[in-house]
Every structure is written in C-alpha cells, then in structure tokens.
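Quick notes on the structure that follows.
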Amino acid sequence: MERSVKILDVSLRDGSHAMRHSFTEEQVRATARGLDQAGVSYFEVAHGDGLGGSSLQYGFSKVDELKLIEAAADECENAKVSVLLIPGIGIKEDLQDAVKAGAKMVRVATHVTEADVAAQHIALGRELGLKTVGFLMMAHMAPVEKVVEQAKLFESYGAEIVYVTDSAGYMLPEDVTERISALKQSIGCEIGFHAHNNLSMAMANTVAAVKAGATYIDGSLRALGAGSGNTQTEVMVAVMERLGYKTGIDLYKIMDVANDVVAPFMQRPQEITGSSLIMGYSGVYSSFLLHTQAAAQKFGIDERDILVELGRLKAVGGQEDLIYDVAQQLALTRV
C-alpha cells in the first residue's frame with residue numbers, strides 16, 4: 001500500500017514573523033507561483049498572527065493581507081491558499097473576506113487547553129465550504145490526556161484535521177510520538193503536525209509525527225518562520241521520499257523556489273541563535289522572538305533573561321504585552 005503525506009507550506013504566514021510582516025505583493029506572487037508549480041497542495045498566507053493580526057500589539061502588515069491572499073490565489077492553477085484564524089484576533093468578517101479573496105482552507109488556532117472557544121469558527125469554516133482544521137498551539141504545555149480531550153472537541157465541532165502544534169520548538173521526538181499516537185487512537189479525523197526548530201528538532205519531530213500517524217505536516221521554505229523557523233519544506237520533501245512517503249512535490253522545483261525566490265528576500269538566516277535556543281529550552285512561544293529583542297534593547301536587558309522569565313511564567317500567545325512588563329521589571333531590579 002502506497003504511503004503518502006501532505007506537506008503544507010507556511011512560509012507566507014509563519015514567515016511573516018521573521019519578515020516583520022513586510023511581505024510585498026511581488027514576493028508573495030513569486031513564492032505562490034513557485035509553490036504551485038512544484039506541486040504543493042496547500043500553503044498558508046496571512047499575517048503571522050493570522051487574519052486580523054495587523055495591529056499595534058502584533059505588528060502592522062506592510063501590505064493588507066487580503067491583497068496578499070488574492071495575489072497568491074491568482075498565481076495558482078492547482079495549489080490552494082490556507083489562512084490561519086485565532087479567535088479573539090480574527091473575526092467572522094475576516095474569514096468571509098478571505099474566502100472572497102480566494103482562501104480554500106482555514107486553520108482555527110487556539111491555545112492547547114482552549115479549543116472550546118473555536119466552535120463557531122470551525123462551524124463557519126465548514127459553512128463557507130473550506131477545508132477546516134483545528135490547530136492546538138503550544139501543545140507541550142498540556143498532558144497527553146488534555147491534548148486528546150481538546151482534539152475531540154475540535155473534531156466534534158467539525159474539524160476535518162486536528163494539528164498538534166509545537167509553537168515553542170520545545171518538544172523532543174518522544175513527546176511528539178506520544179501525542180500523535182494518542183490522537184490516532186482517539187479521533188477519526190486526520191492528524192497534522194507543525195514544528196519549530198528552536199532545539200534543532202523540527203525534522204526529527206516531523207518524522208516522528210508521520211511515523212505515529214500524522215498525514216499533514218507543515219514546513220517553510222529555507223525554514224522561514226518564527227523563532228528559528230519551521231521544518232524546512234524542501235528538505236522535508238527529500239526526507240519523506242527517502243522514507244518512502246509520496247508527497248506529490250517535485251524536489252528540484254521546490255528547491256528552486258526556496259533558493260532562488262525566498263532566500264533573496266529573507267531578512268536574516270534561519271539559524272539557531274542564543275535567543276531562539278532559549279525559547280525552545282524554556283518553552284516560549286516562537287513568535288515572541290522579535291518582540292523580546294526589541295524589549296531587550298529598549299530596557300538594556302539580556303534578551304535571554306527575558307525569555308527564561310517568560311518561560312517560568314508560562315506565557316502564551318496573546319500575552320505579548322507581558323514581554324515588555326518582564327523587561328521593565330528586570331531593568332528595575334538591576335538599578
């Protein structure tokens with residue numbers, strides 16, 4: 001029996017964090033065209049924090065995300081555009097507008113213990129005819145039993161896929177295997193996995209997820225994403241083929257779009273720096289990196305100290321204001 005896996009590319013959404021939300025329409029069009037021609041089935045386009053994320057708290061987008069979604073969809077013959085929606089950031093109208101712009105999939109993302117806030121968003125996704133996904137962020141912060149409970153909620157609301165999301169790049173392969181295996185035994189819908197590379201574990205964790213039963217896996221070209229980035233899409237295609245999984249993606253073409261299109265506009269290499277390493281070690285949300293660096297500079301504090309304290313406080317997505325509070329308090333203690 002032939003084994004296959006769907007690779008969903010998040011360069012144009014998770015990569016927005018690393019790009020400081022400054023994607024241009026030309027960059028999005030070129031990347032979308034390359035992904036489509038390489039055979040990618042789905043790729044995500046949105047502000048890094050999802051639909052409606054362009055704001056003072058999360059960072060303003062250089063170009064309206066609806067224009068970027070429309071531009072990406074316009075370039076595709078076969079690939080489909082996905083969007084991320086975090087309840088409380090994105091609203092009903094944002095999703096409706098995204099569908100008008102060409103979106104065909106929505107991934108509704110909540111903290112790993114808060115799937116219950118997403119019932120109406122999942123229902124709306126199905127009502128709009130979208131491939132609808134439940135996305136459990138910061139999945140390392142809950143025991144396996146809680147992850148299963150929350151996945152069941154997503155499935156009951158109508159999610160067709162449920163994702164285990166290692167938002168902090170904190171997990172090790174055994175953590176991933178345990179969670180994906182438990183979901184495989186407990187829910188009937190498909191299972192996905194989204195990794196970050198802050199501990200250099202993204203590829204190993206992705207392989208563990210697939211072997212445990214995940215059929216959707218996320219990646220980004222040249223690992224362009226928050227923190228130290230995601231599992232590297234073009235490398236993942238090669239690894240999956242070596243493991244005997246069909247991806248439907250042309251290796252040479254996906255390498256070309258990564259190296260010839262994405263690499264030239266990246267603002268920095270996606271390497272594991274001291275700060276992103278501490279994020280993975282402390283279990284801190286990967287999108288906090290640039291906010292933390294800004295706070296460290298403003299208050300004259302070592303950004304690693306801020307991240308360690310955020311990890312101790314178990315900060316989660318949506319608490320970006322806490323970064324500056326922590327930096328200020330650390331500065332006051334050192335006066």
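The values are calculated or read from the model by the stated rules, or taken from the named source; none is laboratory data. Remember, predicted model here, so these are calculated numbers, not experimental data. In this analysis, Cβ positions are derived from the backbone assuming ideal geometry, glycine residues included, and neighbour counts consider all displayed protein chains. Ligands, DNA and RNA are stripped out before the accessible areas are found, and what is left, the full protein with its side chains, is counted by its heavy atoms. Shrake-Rupley method; radii C 1.70, N 1.55, O 1.52, S 1.80 Å.
A few remarks follow.
- Check: the stretch 63-107 dipole with +1 on Lys, Arg Cβ and -1 on Asp, Glu Cβ, in debye: 240 debye
- Sum of side-chain charges, SER61 neighbourhood, beta-carbon under 12 Å (Lys, Arg +1; Asp, Glu -1): 0
- When every Cα-Cα distance of the stretch 261-335 is counted in 5 angstrom steps from zero, the calculated P(r) takes the values 3, 17, 27, 22, 15, 8, 5, 2, 1, 0 percent.
- For the stretch 94-228, the extents of the C-alpha atoms along the principal axes are 38, 34, 22 Å, listed from largest to smallest.
- In Å, descending, principal axis extents of the Cα set of the chain: 64, 44, 41
- Residue among ALA32, GLY52, VAL5 farthest towards the positive dipole end of the stretch 1-159, charges placed on Cβ: VAL5
- Each DSSP beta bridge with both residues in the chain is either parallel or antiparallel, and the antiparallel ones are about 5%.
- Helical segments meeting 18 Å axial Cα length and Kyte-Doolittle -0.5 threshold in the chain (DSSP H): 144-157, 320-333
- The stretch 95-253, dipole about Cα centre (Lys/Arg Cβ +1, Asp/Glu Cβ -1), debye to the nearest 20: 420 debye
- Solvent-accessible area, 1.4 Å probe, carbon plus sulfur percent, for the chain: 48 percent
- What the chain shows is 40 Å² of accessible area per residue, with the surface traced by a 1.4 Å probe over protein heavy atoms.
- Amide H contacts for VAL112 (H built 1.01 Å from N in the peptide plane; partners 5 or more residues away or on another chain; cut-off under 5 Å): MET137.
- Placing dummy labels 7 Å off each Cα toward the beta-carbon, the span from TYR252 to GLU127 is 4.8 nm.
- The label point for GLN120 and the one for ASP325, both projected 7 Å from the Cα toward the Cβ, are 2.7 nm apart.
- Once both labels are positioned 7 Å from their Cα atoms along Cα-to-Cβ, the gap between LYS100 and ARG242 label points is 4.7 nm.
- Placing one equal scatterer on every Cα of the stretch 215-283 and applying the Debye formula, the log10 ratio I(q)/I(0) at q = 0.14 Å⁻¹ is -0.48.
- Entry for the stretch 143-216 at q = 0.18, 0.20 Å⁻¹: log10 I(q)/I(0) = -0.61, -0.74, Debye formula applied to identical alpha-carbon scatterers, no solvent contribution.
- Contour minus Cα-Cα distance for ARG20 and LEU332 (0.36 nm per residue): 109.5 nm
- Farthest positive-ward along the chain dipole, Cα basis, beta-carbon charges - from ALA119, VAL316, HIS291: VAL316
- Amide H contacts under 5 Å for TYR42: ASP9, LYS80, restricted to partners 5 or more places along the chain or on a different chain, H placed in the peptide plane at 1.01 Å from N.
- Database remark: amide H of TYR163 closer than 5 angstrom to the amide H of GLY134, PHE135, LEU136, GLY192 (H placed geometrically; neighbours at sequence offset of 5 or more, or on other chains; Pro and chain starts carry no H).
- Lys, Arg +1 and Asp, Glu -1 on Cβ, resulting dipole of the chain about Cα centre, debye, nearest 20: 320 debye
- Three principal axis lengths of the stretch 1-65 [C-alpha, angstrom, descending]: 51, 23, 17
- The stretch 218-308: GluC sites (Glu not before Pro) in DSSP loop, at most 13 other beta carbons within 10 Å: GLU271
- Highest-MSF residue in the chain out of ILE217, ILE69, ILE91 [GNM, Cα springs under 10 Å]: ILE91
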